[in-house]
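These notes concern the structure reproduced below.
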Amino acid sequence: GCDVLAAAVLGFIHRDFSMETGDATFLLQRWGLNTYLYGPKDDLKHRMLWREMYLEEEAVHLKALIQAAHACGLQFIYALSPGQDIIFSNSYDVVLLKRKLRQVAGLGCKAFAILFDDIDHTLCQVDKDVFSSFAHAQVSVANEIFQYLEEPCTFLFCPTEYCNSLCYPCLAKSAYLKTIGEELLPGIGVIWTGTKVISKELTEESIKEVQEVLQRRPLIWDNLHANDYDSKIVFLGPFKGRPIGLGPHLQGLLLNPNCEFEANFIPIHTLGSWFRSIHRMRKHSASASKEESGAYCPEEALSRALQDWTEEIGKSVLPGAPDVISNETATVWKPCEIGEDREQETQVLTQLDSASQELEASHETPGLTDLRLLVGLFYLPYEHGDKAQHLLKEFQWLKANSSCISIAVKKGDPQKVDEWRSRALHFKQECDNLLHLHSRIIKSTNRAFLYDLYPYVWDVRNTTLLAKAFVLWLGEFSLLSSFHQLLGRFMLYLPLMKLFHLFQLQKATYPDSLLYHFPSLVHVEVLPDVLDSSVARCLATCLLLALKVNGSQGVFCEMLPTDQLHLEFFTKLGFLEIFRSDAVHHEDIVLGRLL
């Protein structure tokens, strides 16, 4: 087969199909990549309804995408996932598969992929009567389709065991992969994700092992920047952990990017740098200098990408509008998986639209320092950026050493106290820098960039406020007075919530046996208008930590046994029922948790 180096674009929702796809293909071409693989989850006829033909209007859109890719010199690969319910021995299902791919071929597509990932390994009884194994069934259909399409230059096959962690019992002893390697026609490429579904690193040794089992060079489907499995994360860091020495052992590499179009500038930019490094390596001998030999440095590639991204973000681009000032960027929104998230997203967008109107006259462009900070906060699945690592380390140190300034300590080490307060002050200043980042980004002239990344920047802002308030709370002289200050700060953050009330307890009110182990009482009320209960749990966790560092060894709460909302809330925080007694208050039950 042909060598393929690519960015695979998956899961995009296209508000304006022709504009968005044109932008995506242009971006791939711009950074020297050569392939676009189509397999979005929001196209039901890619997976769930794979048997159905595209309607005329849908076919027009798909043809426009294929033409846009070809116009940019990109190979377009159409991927189909029939594995969930195909009956391999049913000739009618195979005919439907051929018919579907023949329709796409008629739209100008010349490269294809058949995906059997993330499906049940079990054959139905009808297939068991025909095929000796699951692998034989898949190979039979893949080979037949490959030959039916007249053995195209690029035809990919994704096995059900597509990484080391999914192999049974292991890669070297997998009967499934042994069958794939031996019986799949040699012109068919096999997709592989690495040692895991999301692999931190790929090594030459591991790829050689895969190559031996599959009897061909694998094509890597790289999920390093994929975020479709968690709507709360995004990955802006550089392409890394894949040495350019992998090149000779691969048929190619497909990068599965973030769902948000604007979040992929650096991943695709740095993937292009990696690809060009492989080409330079092939042209120069091992005796050449580091620069000539094509050595790839992720940090240097990131710096170059940040420079270009700063320039790109300086352009005025409207989200989803056909008359954007720059035709090199666009906006794509990630689907919500549950109704609650959709309502929250609507609230965020409403806030953002309001903010846009207020700030219309005061646009400004985030600078290089801002973008470097942003990337550091949303780096890679297994790694935080330098700034994020530093902030986490400082926060953990402040929390772990807060006992030196606790009101429970009558006499602390003055030097230790001074160090704690100095580092707390520095932490506060760094938190202020993060809040400034949020302010700068919402004033960006590039609204496409803003709309795609705003939900994540908003989360950073709120987390920063929480961490800053918590550290300030720890540094106060009195738990009660500092808690009142904390409430004031959080009221700005969560105006719809009745926050926490901390009570000074009268020992005579509760049994000594209770107060001995659980000296603190908390009470939480969340208004019905608050949609996201995780925010309340986050604040409750903050409160419990503060009680612990200020000397409390346990906490309890009271509620009616019929109050299912609060029972569920406190149970998720680790509270357990202590007792039910009329001696406390009416028929309340008491839940407690040791700190």
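The values are calculated or read from the model by the stated rules, or taken from the named source; none is laboratory data. The shown structure was predicted, so the numbers you read here are calculated from the model rather than taken from an experiment. Positions of Cβ are backbone-derived with ideal geometry, glycine not excepted, and every protein chain shown enters the neighbour counts. Keep in mind that these areas ignore ligands, DNA and RNA; they rest on the heavy atoms of the full protein, side chains included. Shrake-Rupley method; radii C 1.70, N 1.55, O 1.52, S 1.80 Å.
Looking only at residues that are more than 23 Å from the chain's Cα centre (by Cα) and polar (S, T, N, Q) in region 149-179, which one is surrounded by the most Cβ atoms within 10 Å (Cβ to Cβ)? Walk me through it before giving the result.
Here is the first cut: in region 149-179, the ones more than 23 Å from the chain's Cα centre (by Cα) are 149-157, 159, 167-179.
Now restrict to residues that are polar (S, T, N, Q): 154, 174, 179.
On the way: THR154: 24, SER174: 20, THR179: 19.
Among those that are more than 23 Å from the chain's Cα centre (by Cα) and polar (S, T, N, Q), it is THR154.
Among ALA424, ALA448, which is in contact with a strand residue (DSSP E or B) (Cβ under 8 Å, 6 or more places away or on another chain) and assigned to a helix (DSSP H, G or I)?
Numbers: ALA424 fails: in contact with a strand residue (DSSP E or B) (Cβ under 8 Å, 6 or more places away or on another chain).
Matching residue, one of ALA424, ALA448: ALA448.
State whether the residues of region 50-61 include one that is surrounded by 19 or more Cβ atoms within 10 Å (Cβ to Cβ) and assigned to a loop (DSSP other than H, G, I, E, B).
From region 50-61, those surrounded by 19 or more Cβ atoms within 10 Å (Cβ to Cβ) are 50; that's our starting set.
Then keep just the ones that are assigned to a loop (DSSP other than H, G, I, E, B); that gives 50.
Among the residues of region 50-61, at least one is surrounded by 19 or more Cβ atoms within 10 Å (Cβ to Cβ) and assigned to a loop (DSSP other than H, G, I, E, B), which makes the answer yes.
Restricting attention to region 336-385, and to residues there that are closer than 17 Å to PRO455 by Cα, small (Gly, Ala, Ser) and at pLDDT 50 or above, which single residue is least open to solvent (accessible area, probe 1.4 Å)?
GLY376
Enumerate the pairs (first residue in region 50-61 and closer than 13 Å to LEU107 by Cα; second residue anywhere and of a type in the set (Ser, Thr, Tyr) and assigned to a helix (DSSP H, G or I)) with beta-carbon separation below 8 Å, excluding pairs fewer than 6 apart on the same chain, so at least 6 apart or on different chains.
Close Cβ pairs (under 8 Å, with a partner that is of a type in the set (Ser, Thr, Tyr) and assigned to a helix (DSSP H, G or I)) amount to HIS61/SER18.
Return only the number of the condition from (1) in contact (Cβ under 8 Å) with a residue 12 or more places away in the chain; (2) at negative phi; (3) part of a loop (DSSP other than H, G, I, E, B) that GLY241 does not satisfy.
Result: GLY241 fails condition (2) only.
From the set of residues in region 121-138 that are in a loop (DSSP other than H, G, I, E, B) and exposed (fewer than 14 other Cβ atoms within 10 Å of the Cβ), which is nearest to the chain's Cα centre (by Cα)? So that I can check it myself, show each step before the final result.
Initially, region 121-138 is screened for residues in a loop (DSSP other than H, G, I, E, B), giving 121-124, 129-133.
Imposing the further condition that a residue be exposed (fewer than 14 other Cβ atoms within 10 Å of the Cβ) reduces the set to 121-122, 129, 132.
Working: HIS121: 27, THR122: 30, ASP129: 42, SER132: 39 Å.
So the residue we want is HIS121.
What residue, of ASP120, ASP127, is within 26 Å of TYR168 (Cβ to Cβ), modelled with pLDDT under 95 and of a type in the set (D, E, K, R)?
Result: ASP120 is the single residue among ASP120, ASP127 that is within 26 Å of TYR168 (Cβ to Cβ), modelled with pLDDT under 95 and of a type in the set (D, E, K, R).
Would you call LEU37 more than 22 Å from THR193 (Cα to Cα), within 26 Å of the chain's Cα centre (by Cα) and crowded, with 20+ Cβ neighbours inside 10 Å? Break it down stepwise before answering.
Values: more than 22 Å from THR193 (Cα to Cα): no; within 26 Å of the chain's Cα centre (by Cα): yes; crowded, with 20+ Cβ neighbours inside 10 Å: yes.
Taking the combined requirement at face value, the residue does not satisfy it.
Out of all the residues in region 191-224, which are assigned to a strand (DSSP E or B) and touching a residue at least 40 places away in the same chain (Cβ under 8 Å)?
ILE191, LEU219, TRP221
Counting only residues that are more than 13 Å from ASP117 (Cα to Cα) and either open to solvent by 20 Å² or more (accessible area, probe 1.4 Å) or among the acidic types (Asp, Glu) (or both), how many does region 180-204 have? First the steps, then the outcome.
The initial filter retains those residues of region 180-204 that are more than 13 Å from ASP117 (Cα to Cα), namely 180-189, 194-196, 198-204.
Of the ones still in play, those that are also either open to solvent by 20 Å² or more (accessible area, probe 1.4 Å) or among the acidic types (Asp, Glu) (or both) are 182-183, 185-187, 195-196, 198, 200-201, 203-204.
So the count comes out to 12.
Yes or no: LEU302 out of contact with any Lys or Arg (no Cβ under 8 Å at 6 or more places or on another chain) and modelled with pLDDT of 90 or more? So that I can check it myself, show each step before the final result.
Working: out of contact with any Lys or Arg (no Cβ under 8 Å at 6 or more places or on another chain): yes; modelled with pLDDT of 90 or more: yes.
Judged against the criteria, LEU302 is a match.
Listed residues GLY73, GLY83, GLY22; which is on the phi > 0 side of the Ramachandran plot and either modelled with pLDDT under 90 or assigned to a loop (DSSP other than H, G, I, E, B) (or both)? Lay out the reasoning, then the answer.
Numbers: GLY83 fails: on the phi > 0 side of the Ramachandran plot; GLY22 fails: on the phi > 0 side of the Ramachandran plot.
Among GLY73, GLY83, GLY22, only GLY73 is on the phi > 0 side of the Ramachandran plot and either modelled with pLDDT under 90 or assigned to a loop (DSSP other than H, G, I, E, B) (or both).
Pick from region 25-34 the residues that are part of a helix (DSSP H, G or I) and open to solvent by less than 20 Å² (accessible area, probe 1.4 Å): which of them is modelled with the highest pLDDT?
Residues of region 25-34 that are part of a helix (DSSP H, G or I), as a first pass: 25-30.
Then keep just the ones that are open to solvent by less than 20 Å² (accessible area, probe 1.4 Å); that gives 25, 27-28.
Values: THR25: 71, LEU27: 74, LEU28: 81.
Once the filter is applied, the top-ranked residue is LEU28.
Please work out which residue is modelled with the highest pLDDT, limiting yourself to region 563-582 and to residues that are more than 36 Å from the chain's Cα centre (by Cα) and in a loop (DSSP other than H, G, I, E, B). Quick ask: steps written out before the conclusion?
Initially, region 563-582 is screened for residues more than 36 Å from the chain's Cα centre (by Cα), giving 577-582.
Of the ones still in play, those that are also in a loop (DSSP other than H, G, I, E, B) are 581-582.
Numbers: SER581: 54, ASP582: 49.
Filtering region 563-582 for residues that are more than 36 Å from the chain's Cα centre (by Cα) and in a loop (DSSP other than H, G, I, E, B), the one modelled with the highest pLDDT comes out as SER581.
Taking the conditions exactly as written (at pLDDT 80 or above, open to solvent by 20 Å² or more (accessible area, probe 1.4 Å) and of a type outside the set (Val, Ile, Thr)), does HIS517 satisfy them or not? Steps first, answer last, please.
Working: at pLDDT 80 or above: yes; open to solvent by 20 Å² or more (accessible area, probe 1.4 Å): yes; of a type outside the set (Val, Ile, Thr): yes.
Judged against the criteria, HIS517 is a match.
In region 90-120, what residues are over 30 Å from the mean Cα position of the chain (by Cα), outside any helix (DSSP H, G or I) and farther than 21 Å from ILE188 by Cα?
Correct list: ASN90, LEU107.
Does region 520-562 hold any residues that are assigned to a strand (DSSP E or B) and modelled with pLDDT under 75, and which are they?
Of region 520-562, the ones assigned to a strand (DSSP E or B) are 520-526, 554-559.
Passing the criteria: only VAL526.
Can you find even one residue in region 502-514 that is open to solvent by less than 40 Å² (accessible area, probe 1.4 Å), at pLDDT 70 or above and out of contact with any His (no Cβ under 9 Å at 6 or more places or on another chain)?
yes
Any residue at all in region 35-43 that's of a type in the set (S, T, N, Q) and either modelled with pLDDT of 95 or more or within 22 Å of ASP120 (Cα to Cα) (or both)?
Going through region 35-43, the residues of a type in the set (S, T, N, Q) turn out to be 35.
Narrowing the set further to residues that are either modelled with pLDDT of 95 or more or within 22 Å of ASP120 (Cα to Cα) (or both) leaves none.
For region 35-43, residues of a type in the set (S, T, N, Q) and either modelled with pLDDT of 95 or more or within 22 Å of ASP120 (Cα to Cα) (or both): absent.
Any residue in region 94-123 that is over 19 Å from ASP43 (Cα atoms) sitting within a Cβ distance under 7 Å of a residue that is open to solvent by less than 10 Å² (accessible area, probe 1.4 Å) and assigned to a loop (DSSP other than H, G, I, E, B)? List the pairs, counting only those 6 or more apart or interchain.
Hits for this filter: HIS121/THR160.
Out of all the residues in region 81-97, which are surrounded by 15 or more Cβ atoms within 10 Å (Cβ to Cβ) and not hydroxyl-bearing (Ser, Thr, Tyr)?
First, pick out the residues of region 81-97 that are surrounded by 15 or more Cβ atoms within 10 Å (Cβ to Cβ): 81-83, 86-89, 93-94, 96-97.
Of everything in region 81-97, those that are surrounded by 15 or more Cβ atoms within 10 Å (Cβ to Cβ) and not hydroxyl-bearing (Ser, Thr, Tyr) turn out to be PRO82, GLY83, ILE86, ILE87, PHE88, ASP93, VAL94, LEU96, LEU97.
Would you mind telling me which numbered condition in (1) surrounded by 13 or more Cβ atoms within 10 Å (Cβ to Cβ); (2) modelled with pLDDT of 95 or more ALA388 fails?
(2)
Are any of the residues in region 481-495 assigned to a loop (DSSP other than H, G, I, E, B) and modelled with pLDDT under 70? Give the steps one after another, and end with the answer.
If we filter region 481-495 for residues that are assigned to a loop (DSSP other than H, G, I, E, B), which is where we start, we get 494-495.
Next, from what is left, pick out any that are modelled with pLDDT under 70: 494-495.
Within region 481-495, one or more residues are assigned to a loop (DSSP other than H, G, I, E, B) and modelled with pLDDT under 70.
Working carefully through the options ASP432, ASP459, find the one that is in a helix (DSSP H, G or I), without any contact (Cβ under 8 Å) to a residue 60 or more places away in the chain and of a type in the set (D, E, K, R). Outline the logic, then answer.
Values: ASP459 fails: without any contact (Cβ under 8 Å) to a residue 60 or more places away in the chain.
Going through ASP432, ASP459 in turn, the sole match is ASP432.
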